[in-house]
Amino acid sequence: MSETQMTGAEMIVKALADQGVEFVFGYPGGAVLPIYDALFKTNSVRHILVRHEQGAVHSAEGYARSTGKVGVVLVTSGPGATNAVTGLTDALMDSIPIVCLTGQVATHLIGNDAFQEADTTGITRPCTKHNYLVKDVNQLARTIHEAFYVARTGRPGPVVVDLPKDIQLSLGTYAGPEKVSHRTYAPRMQGDTRAIEQAVELLANAKKPIFYSGGGVINSGDKASELLTKFVRMTGYPITNTLMGLGAYPASDKQFLGMLGMHGTYEANLAMHQCDVMLCVGARFDDRVTGRLDAFSPNSKKIHIDIDPSSVNKNVAVDVPIIGDVATVLEAMIDVWQKRSYKADPAALKQWWGQIGEWRARDCLAFRQEGAIIKPQYALQRLYELTKGQDTFITTEVGQHQMWAAQFMKFEKPNRWMTSGGLGTMGYGLPAAIGVQLAHPGKLVVDVAGEASILMNIQELSTAVQHRLPVKVFILNNQYMGMVRQWQELLHGGRYSESYTAALPDFVKLAEAFHAVGLRATKPEEMDDVIKEMMAVDRPVVVDVAVDQKENCYPMIPSGRAHYEMILADGDAQKQPTITDAGLALV
Amino acid sequence: MAIATDQIARSHTIAILVDNEAGVLARVIGLFSGRGYNIESLTVAEVDAGRRVSRITVVTSGTPMIIEQIKAQLSRLVPVHRVSDLTVEGPRVERELALVKVAGKGETRVESLRIADIFRARVVDSTNTSFVFELTGSAEKLNAFIDLMRPLGLVDVSRTGIVAISRGPNPL
Ligand SMILES: Cc1ncc(C[n+]2csc(CCOP(=O)(O)OP(=O)(O)O)c2C)c(N)n1
Ligand SMILES: [Mg+2]
């Protein structure tokens, strides 16, 4: 008999090895002890012990987003699984491929309120792409391989496999990954040819075209970014990226208008508003991007490429939907463009770029670094200037610092920018940076953080130290939950209810307590030296940058407003849009 | 093809073929509640024991964009084989079954039997003081019957919810 008998726990470890898994981010407990025992006996996968299960999922996300591979998590039942829920939801919202193995009480105890029992498949059903409860050891290996297949194909997402302890201990037959197919689940890759031709024709005849691309390009793989760049250059059309899509098109290129949306650039948002043909590539017309829906790009024909049919016509009705993989569809579009020898209308395009040039001249991200207080934008500008010469990976927490990082760090390549977009999870950045650093040893990995967010998963500093991962935490310390304070200033009459981060720790000492390195900058002239020192140290570093407490992040499209209604940093106060009552109810 | 964007909500009957596995109904129902779609009626039963396939019939309502979303979201669930909007995909037959209990004596009792006859309801249980009627038909027919039974001693109603199938020779 060629079939191999082994325990469930051994099968799990073998399945991970057969899937090519390098790292498992996890935390042990009673319900996964057999798996930890099997891990102990193998060298094929490396276990990274985190300090909190939420950190495990974010680390796996960082690994996945910076490599395009599936991130793997292993947690125990009950609290282990519930602690992972935020990470799973984050991965679902941002379409990140994760396989999360959760321990479960023995099958005969399920439903009895046993110690550390939780209805993990019930709890995670709405926050995963799919989940499984394995009740037969002979289905175990197959299920894990299927979980990897579901997580990485189509629109990627998190998949949970719940593993009762008795299944881990019983003997069964292992099945290899080559046997996996699914009788119902089969994502569509190829776009419809007629739709593609119609789309390219629309693009070729456009007078005021724009490319609007998102995280789907990055998920589709390196080739998608290359094809997107090629197509944009062939046409000569402008392009903007969503927060999730940064890096899919080189930011230093002159056709790049910067990020769009709530804190996007003036030129990107106005070009979206006034365009006549919009090609949306792997983005989803999120509310942060569209602003007020009934005023969103009112005069454009809209083409939408997405692998997930449910993303199409969800928020915005589009004229030409193309369901398929971004790279596959872009390749077909380029082919049509070339075969039919299409050319952009030079006169119209010149006029369009002229208009865009005027918007650009508004220089919407300009700030003045004056006086003795460090402007957060200045700190990031210096970080960018000093790191742009090397291949740098940036993660972020959530808040103003995140938006400034999106505006001031420029990405030339995909998979270099990891931020929690859909869920906006404070505490994402440090564990994510750990996952990134593991995948890219020797590369500079910086978590741009806020002083409030970093405290949400600060325990992961210990993980970084244990595994000798020289991640850098770059805190823009404004002593406020700055983004909350900004909304309170604009929407709630400046009543800063509970948004002051009082009783802050001394971040330098805190770093030292974790056996990491702490640095501090309080004056603008110290910035460069501190950043250089941070880069020179080959250990985890926390940099506490004391920045202006009252700085706001602009441009800003206030909630409930349209793309053309931006608040600008140096705008005429009289003419600045204000927030309506309807807008107040929006998040 | 561009989608209809009118804002009028209409009722649609959607048929869903799914793998009959643990949690599949919870996935479908969770999708409706999680995304704020309403369920007017829902039926589910295994229709192919050999392949372990179940058929779910959902009656829901929404604008054309919402109905398209519901279909796309359902199709995205891993154990879902096929989703079909029977309301737009040609003619169909819709049926519902009701069991209706009426209690009474004397003239009202006779009257309920007379109406049941007109509606072609069958008596499936009877005592000296009660009947249980079985009635099959469209939801409207069932509603009309139940309304007529109300003054005649209606005490209990159990309905299956709508099941539907397309007319003609083709499968779903
Ligand atoms: C887990 C979680 N809780 C609450 C929020 C709401 N929230 C968004 S930004 C923010 C403030 C973040 O403060 P800080 O990390 O200091 O960043 P800053 O805005 O000051 O740059 C809060 C509380 C969130 N996004 N995530
Ligand atoms: Mg802050």
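Details
- Some residue of the stretch A:43-50 being without any contact (Cβ under 8 Å) to a residue 24 or more places away in the chain and either β-branched (Val, Ile, Thr) or open to solvent by 40 Å² or more (accessible area, probe 1.4 Å) (or both): yes
- Counted residues, the stretch B:139-169 - those being surrounded by fewer than 11 Cβ atoms within 10 Å (Cβ to Cβ) and within 21 Å of the chain's Cα centre (by Cα): 5
- Within the stretch A:458-478, the set of residues being over 18 Å from A:ALA405 (Cα atoms) and either in a helix (DSSP H, G or I) or within 16 Å of ligand 1 (Cβ to nearest atom) (or both) comprises A:ILE458, A:GLN459, A:GLU460, A:LEU461, A:SER462, A:THR463, A:ALA464, A:VAL465, A:GLN466.
- Filtered by the rule that a residue be facing another protein chain (nearest Cβ under 10 Å), of a type in the set (Asp, Glu) and open to solvent by 20 Å² or more (accessible area, probe 1.4 Å), the stretch B:9-50 gives a lone residue, B:GLU21.
- Given (1) closer than 19 Å to A:ALA546 by Cα; (2) within 11 Å of ligand 1 (Cβ to nearest atom), index of the condition A:THR425 fails: (1)
- Restricting the stretch A:436-454 to residues that are within 16 Å of ligand 2 (Cβ to nearest atom) and part of a helix (DSSP H, G or I), the residue that is farthest from the other protein chains (Cβ to nearest Cβ): A:GLU451
- Meets criteria (under 29 Å from A:THR290 (Cβ atoms), surrounded by fewer than 21 Cβ atoms within 10 Å (Cβ to Cβ) and touching a strand residue (DSSP E or B) at 6+ places or on another chain (Cβ under 8 Å)) for A:GLN198: yes
- The stretch A:379-405: number of residues that are more than 16 Å from ligand 2 (Cβ to nearest atom) and open to solvent by 10 Å² or more (accessible area, probe 1.4 Å): 10
- Taking the numbered list (1) open to solvent by 40 Å² or more (accessible area, probe 1.4 Å); (2) within 12 Å of chain A (Cβ to nearest Cβ) in turn, B:LYS105 passes all entries but (2).
- Members of the stretch A:463-479 found to be within 9 Å of ligand 2 (Cβ to nearest atom) and buried (at least 23 other Cβ atoms within 10 Å of the Cβ), listed by number: A:ILE475, A:LEU476, A:ASN477, A:ASN478
- Residue match in the stretch A:297-314 (condition: farther than 30 Å from B:LEU77 by Cβ and either more than 14 Å from chain B (Cβ to nearest Cβ) or within 27 Å of the chain's Cα centre (by Cα) (or both)): yes
- Tabulated pairs, the stretch B:64-90, first at the interface with chain A (Cβ under 7 Å from one of its Cβ atoms), second open to solvent by 40 Å² or more (accessible area, probe 1.4 Å) and of a type in the set (Ser, Thr, Tyr), C-beta under 8 angstrom, 6+ apart or interchain: B:MET65/B:THR5
- The set of residues from the stretch A:480-518 being of a type in the set (Gly, Ala, Ser), within 16 Å of ligand 1 (Cβ to nearest atom) and in a helix (DSSP H, G or I) comprises just one member, A:GLY482.
- Listed here are the helices (runs of 4 or more DSSP H) enclosed by the stretch A:1-80 that have at least 3 residues being of a type in the set (D, E, K, R): A:8-18, A:53-67.
Residues are listed down the side, and each one gets a yes or a no for (1) crowded, with 22+ Cβ neighbours inside 10 Å; (2) closer than 18 Å to A:GLY482 by Cα; (3) of a type in the set (Gly, Ala, Ser):
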site	(1), (2), (3)
A:MET409	yes, no, no
A:THR425	yes, yes, no
A:ALA432	yes, no, yes
A:VAL448	yes, yes, no
A:GLU451	yes, yes, no
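- Matching residues in the stretch B:110-138 - criterion: being open to solvent by 50 Å² or more (accessible area, probe 1.4 Å) and in a helix (DSSP H, G or I): B:VAL110, B:GLU111, B:LEU113, B:ARG114, B:ASP117, B:ILE118
- Residue within the stretch A:371-378 that is among the basic types (Lys, Arg) and either more than 14 Å from chain B (Cβ to nearest Cβ) or open to solvent by 20 Å² or more (accessible area, probe 1.4 Å) (or both) present: yes
- Test for A:LYS509: is it buried (at least 23 other Cβ atoms within 10 Å of the Cβ) and away from ligand 2 (no atom under 16 Å from the Cβ): no
- Qualifying positions in the stretch A:91-144 - within 30 Å of A:ASN415 (Cβ to Cβ), more than 14 Å from chain B (Cβ to nearest Cβ) and among the polar types (S, T, N, Q): A:THR102
- Filtered residues of the stretch A:550-575 (kept if among the hydrophobic types (A, V, I, L, M, F, W, C) and at pLDDT 90 or above): A:CYS553, A:MET556, A:ILE557, A:ALA562, A:MET566, A:ILE567, A:LEU568, A:ALA569
- Of the criteria (1) assigned to a helix (DSSP H, G or I); (2) in contact with a strand residue (DSSP E or B) (Cβ under 6 Å, 6 or more places away or on another chain); (3) not acidic (Asp, Glu), which one B:GLY161 fails: (1)
- Looking across the stretch A:480-506, not a single residue is hydrophobic (A, V, I, L, M, F, W, C), without any contact (Cβ under 8 Å) to a residue 12 or more places away in the chain and away from ligand 2 (no atom under 15 Å from the Cβ).
- Any hit, the stretch A:229-239, residues being open to solvent by 20 Å² or more (accessible area, probe 1.4 Å), under 19 Å from A:ALA317 (Cα atoms) and modelled with pLDDT of 95 or more: no
- For the stretch A:182-213, residues that are over 22 Å from A:TRP353 (Cα atoms) and either out of contact with any Phe, Trp or Tyr (no Cβ under 9 Å at 6 or more places or on another chain) or polar (S, T, N, Q) (or both) total 15.
- Residues of the stretch A:299-324 satisfying the condition of being touching a Ser or Thr at 6+ places or on another chain (Cβ under 7 Å) and open to solvent by 20 Å² or more (accessible area, probe 1.4 Å): A:PRO309, A:ASN315, A:ALA317
The values are calculated or read from the model by the stated rules, or taken from the named source; none is laboratory data. For clarity, every value in this text was computed on a predicted model and none was experimentally measured. Using ideal geometry, Cβ is built from the backbone for each residue, glycine included, and neighbour counts are taken over all protein chains shown. All accessible areas refer to the heavy atoms of the entire protein, side chains included, with ligands and DNA or RNA removed. Shrake-Rupley method; radii C 1.70, N 1.55, O 1.52, S 1.80 Å.
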